[in-house]
Amino acid sequence: MRTYHQAKQSERATILILETNSQSSKKLFLSVLLIDFLLIIILISLMSGCSSPTPHRLQTHFESVPPNTDVIQRRLSIHSENRLAVGMAIVLHADPPHEPLGITESTWPQFAARVNQKVEALIPVSMQEVVRLNEIPSGDRATLLKGFRGVRENSEIEVVLLVLPTSQEVKGPAQLDLLPEVSMLNGNQIENHATVELGLLDLESGKLLLQAQGKSYATLEQLDVPLASNRYPRVRGSDRTNPIYPEEERALETLRMVAMDEALDQAVMKLAGKWHDGQGKLSSQVGSES
């Protein structure tokens, strides 16, 4: 025979409180899990956004000449013994979320000179005219020639080298060491991800003969406190083994310059490879025909 005991009022209140606390703990635990899950999703989205490849923006504005066509072979081979006279158009156009390039109206001629030096060192071209554009020109012939009218005045120029630099920056907190015996100090780190697109544009057809893209990044580490140090600010490039220690007022400019130069080097090397591949294919065809 079972005996049932009626719980006293205080015992029932205690049980009710325990059940309520248990339910509150479960709700709190689920809420924390949900918040953690959302933070993970946001972090993954941000990381994927930062690491996603930059699209070839020149391809969205210009058609490309199919490879191994007569147009490419004629443009690349007709001046095989001499340098091909070309114009250069640097497009300083930044779309959100792209950051300022660090290339201004006063410094773009220096950037153009670096492009000229690197390109002429690997590709048999000779820059005759240089223009700066604020927008990517349309592939429409009238608009195209209007944008390059300064280049078009020279009748020798049939090809223009389009240079499209872009960049993105990410800034976050960092713990930086000053000396081995000193504790870590608060600072920040800025990453600049630079992209340089190069395209050889045929003025007659308004189409791209060759194109290449280079990507690189550099990091800037600097202290939050105004403390003089020979270790900060510090800039590291993706291809550089030795860091650079710029002056405080030139730290951000140096960061962008290092990333942009490394991206430019990649783009020029890729474009040179495509140029020489085109010449080689033409030479083999000529040899077989003869």
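Assuming R0 = 22 Å, what is the FRET efficiency of Gln110 and Asn242, from their Cβ-Cβ distance, to the nearest 0.05?
The value I calculate is 0.45.
Using modelled amide H (1.01 Å from N, peptide plane; none on Pro or chain starts), what sits under 5 Å from the amide H of Asp177, excluding residues fewer than 5 places away?
Here the answer is Leu185, since their amide H atoms fall under 5 Å of that of Asp177.
Collect residues whose amide H, placed 1.01 Å from N in the peptide plane, falls under 5 Å from the amide H of Ser64; neighbours closer than 5 in sequence don't count.
Leu208
At 0.36 nm per residue, and after removing the present C-alpha to C-alpha distance, how many nm does the segment from Leu178 to Asp277 gain when stretched out fully?
Roughly 30.6 nm would be gained on extension.
Once both labels are modelled 7 Å past Cα along the beta-carbon direction, what's the Ser229-Ser64 spacing in nm?
4.5
Residues with amide H under 5 Å of Leu84's amide H, sequence separation 5 or more or different chain, H placed in the peptide plane at 1.01 Å from N; which?
Under 5 Å from the amide H of Leu84: Val125, Ser126.
When the chain is fully extended, how far beyond the present Cα-Cα distance does Glu249 get from Arg132, taking 0.36 nm per residue of separation?
39.5 nm
Take the residue pairs Lys118/Lys171; Lys215/Lys274; Lys215/Lys270 and return only those whose Cα atoms are more than 19 Å apart.
Those over the limit are Lys118/Lys171.
Laboratory data are not the source of any read-out in this text; all were calculated from the coordinates shown. Computed from a prediction, not measured in an experiment: that's the story for all the values here. In this analysis, Cβ positions are derived from the backbone assuming ideal geometry, glycine residues included, and neighbour counts consider all displayed protein chains.
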